[in-house]
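The values are calculated or read from the model by the stated rules, or taken from the named source; none is laboratory data. Keep in mind that what you see is a predicted model, and the values were worked out from it rather than measured. Here Cβ is always computed from backbone atoms with ideal geometry, including for glycine, and neighbour counts include all displayed protein chains. Keep in mind that these areas ignore ligands, DNA and RNA; they rest on the heavy atoms of the full protein, side chains included. Shrake-Rupley method; radii C 1.70, N 1.55, O 1.52, S 1.80 Å.
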Amino acid sequence: MAYDASDLPDVSGLTVGIIGGTGDQGRGLAYRFARAGHPVLIGSRSAQRAAESAAEIAALPGVSAAGSVTGADNDEVARRSDVVIIAVPWDGHAATVGALAEPLAGKIVVDCVNPLGFDKQGPYALPVAEGSAVQQAAALLPDSRVCAAFNHVSAPLLADPEIDRIELDVLICTEERELVGIVGALAARIPGMRGIYAGRLRNAHQIEAFTANLIAINKRYKAHAGIRVTDV
């Protein structure tokens with residue numbers, strides 16, 4: 001079946017929470033969803049830091065006339081959001097996600113964390129006992145609806161107010177086919193993006209690891225490379 005944007009559900013009323021919303025990737029996604037008209041909640045261990053980050057994002061072009069952006073601690077953001085994006089550093093992933101199991105119960109959780117290490121030769125994929133970051137999240141959140149998505153979206157592109165369209169595909173791994181439509185519809189709220197089903201959670205490890213390749217491409221060609229899937 002070819003990709004058909006007309007089949008996507010209406011997600012315009014969903015509140016999007018970003019756990020790790022003070023980091024580059026989280027801030028960029030928050031900006032794009034707020035610019036698309038969504039209420040966005042920025043989460044951090046520090047409510048004050050989250051509020052400061054939210055105020056900075058709310059002041060960016062295109063936000064004030066569209067969605068709202070507010071900040072709170074991670075627990076409050078998890079409770080108040082319809083969809084929660086996990087965008088924390090890998091070294092704090094397990095502790096942060098595990099602490100939110102109760103408020104995230106029943107919620108859609110989108111994990112975009114890439115377990116990478118860095119040395120003199122550049123980035124490389126780290127081994128994860130559960131198989132991938134999203135599988136770790138799924139193990140820690142047995143009552144949540146978990147998927148991987150937005151792993152390959154360039155933070156500088158997301159944060160640049162001068163860029164109206166970001167031409168790339170968001171690869172989605174999940175056990176629930178319904179989530180493909182919901183998360184794909186969220187991706188489509190950012191002009192130029194598509195959400196593409198990429199298999200079950202067990203297939204997410206190579207998607208997370210491929211970010212190391214993209215970093216190498218970006219460094220070599222001074223670009224902000226993404227992914228497009230052909231013939232879909």
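Check Val146, Val183 and return the single one that is surrounded by 19 or more Cβ atoms within 10 Å (Cβ to Cβ) and part of a strand (DSSP E or B). Lay out the reasoning, then the answer.
Numbers: Val183 fails: part of a strand (DSSP E or B).
Exactly one of Val146, Val183 is surrounded by 19 or more Cβ atoms within 10 Å (Cβ to Cβ) and part of a strand (DSSP E or B), namely Val146.
Taking His152 as the residue in question, decide whether it is in a loop (DSSP other than H, G, I, E, B) and either open to solvent by less than 10 Å² (accessible area, probe 1.4 Å) or among the β-branched types (Val, Ile, Thr) (or both).
Values: in a loop (DSSP other than H, G, I, E, B): yes; either open to solvent by less than 10 Å² (accessible area, probe 1.4 Å) or among the β-branched types (Val, Ile, Thr) (or both): no.
No.
Determine whether Ala129 is assigned to a loop (DSSP other than H, G, I, E, B), of a type in the set (Gly, Ala, Ser) and either farther than 25 Å from Asp91 by Cβ or touching a helix residue (DSSP H, G or I) at 6+ places or on another chain (Cβ under 9 Å) (or both). Spell out the reasoning first.
Numbers: assigned to a loop (DSSP other than H, G, I, E, B): yes; of a type in the set (Gly, Ala, Ser): yes; either farther than 25 Å from Asp91 by Cβ or touching a helix residue (DSSP H, G or I) at 6+ places or on another chain (Cβ under 9 Å) (or both): yes.
In short, yes.
If you go through the range 89-125 one residue at a time, how many are open to solvent by 20 Å² or more (accessible area, probe 1.4 Å) and among the aliphatic types (A, V, I, L, M)?
7
For Asp91, only one of the following conditions fails: (1) without any contact (Cβ under 8 Å) to a residue 24 or more places away in the chain; (2) in contact with a Phe, Trp or Tyr (Cβ under 6 Å, 6 or more places away or on another chain). What is its number?
The one condition Asp91 does not meet is (2).
May I ask you to list pairs of residues, at least six apart or on different chains, whose Cβ atoms are under 7 Å apart, with the first in the range 191-213 being hydroxyl-bearing (Ser, Thr, Tyr) and the second being part of a helix (DSSP H, G or I) and modelled with pLDDT of 95 or more?
Tyr197/Val180
Within the range 1-94, considering only helices (runs of 4 or more DSSP H) that don't extend past its boundaries, which have at least 3 residues that are over 24 Å from Pro161 (Cα atoms)? Walk me through how you get there before you give the answer.
Details: elements: 24-35, 47-58, 74-80.
Passing ranges, in order: 74-80.
Return the pair list, or none, for Cβ contacts closer than 6 Å from residues in the range 20-35 that are more than 17 Å from Ala55 (Cβ to Cβ) to residues that are open to solvent by less than 30 Å² (accessible area, probe 1.4 Å) and part of a loop (DSSP other than H, G, I, E, B), at least 6 apart or on different chains.
Note: pairs meeting the criteria are Gly20/Ala87; Gly20/Val88; Gln25/Ala87; Arg32/Ile190.
Could you tell me whether any residue of the range 165-173 is over 16 Å from the mean Cα position of the chain (by Cα), under 12 Å from Val110 (Cβ atoms) and assigned to a loop (DSSP other than H, G, I, E, B)?
Looking through the range 165-173, none of the residues is over 16 Å from the mean Cα position of the chain (by Cα), under 12 Å from Val110 (Cβ atoms) and assigned to a loop (DSSP other than H, G, I, E, B).
Of the conditions (1) among the polar types (S, T, N, Q); (2) under 18 Å from the mean Cα position of the chain (by Cα); (3) at pLDDT below 95, Ser64 clears all except one; give me its number.
(2)
Provide a single number: the residues in the range 192-229 that are assigned to a loop (DSSP other than H, G, I, E, B) and either more than 30 Å from Ser6 (Cβ to Cβ) or out of contact with any Pro (no Cβ under 7 Å at 6 or more places or on another chain) (or both). Reasoning before the result, please.
First, the residues of the range 192-229 that are assigned to a loop (DSSP other than H, G, I, E, B): 192, 198-200, 222-229.
Checking the rest, the ones that are also either more than 30 Å from Ser6 (Cβ to Cβ) or out of contact with any Pro (no Cβ under 7 Å at 6 or more places or on another chain) (or both) come to 192, 198-200, 222-223, 225-229.
Final tally of qualifying residues: 11.
Please go through the range 1-34 and pick out each residue that is under 16 Å from the mean Cα position of the chain (by Cα) and open to solvent by 60 Å² or more (accessible area, probe 1.4 Å).
Of the range 1-34, the ones under 16 Å from the mean Cα position of the chain (by Cα) are 11, 14-34.
Residues satisfying the conditions are Asp24, Arg27.
List, please: which pairs have Cβ atoms under 8 Å, are six or more places apart or on different chains, and start with a residue in the range 151-180 that is under 13 Å from Ala198 (Cβ atoms) and end with one that is among the polar types (S, T, N, Q) and at pLDDT 95 or above?
Asn151/Asn114; Asn151/Thr211; His152/Thr211; Leu171/Asn151; Cys173/Asn203; Val180/Thr174
Determine which single condition Ser44 fails, assuming it passes every other condition in (1) open to solvent by 50 Å² or more (accessible area, probe 1.4 Å); (2) at pLDDT 95 or above; (3) of a type in the set (Ser, Thr, Tyr).
(1)
Looking at Ile196, Ile217, Ile172, can you tell me which residue is hydrophobic (A, V, I, L, M, F, W, C), open to solvent by 60 Å² or more (accessible area, probe 1.4 Å) and at pLDDT 95 or above? Working first, answer last.
Numbers: Ile196 fails: open to solvent by 60 Å² or more (accessible area, probe 1.4 Å); Ile172 fails: open to solvent by 60 Å² or more (accessible area, probe 1.4 Å).
The unique qualifying residue is Ile217.
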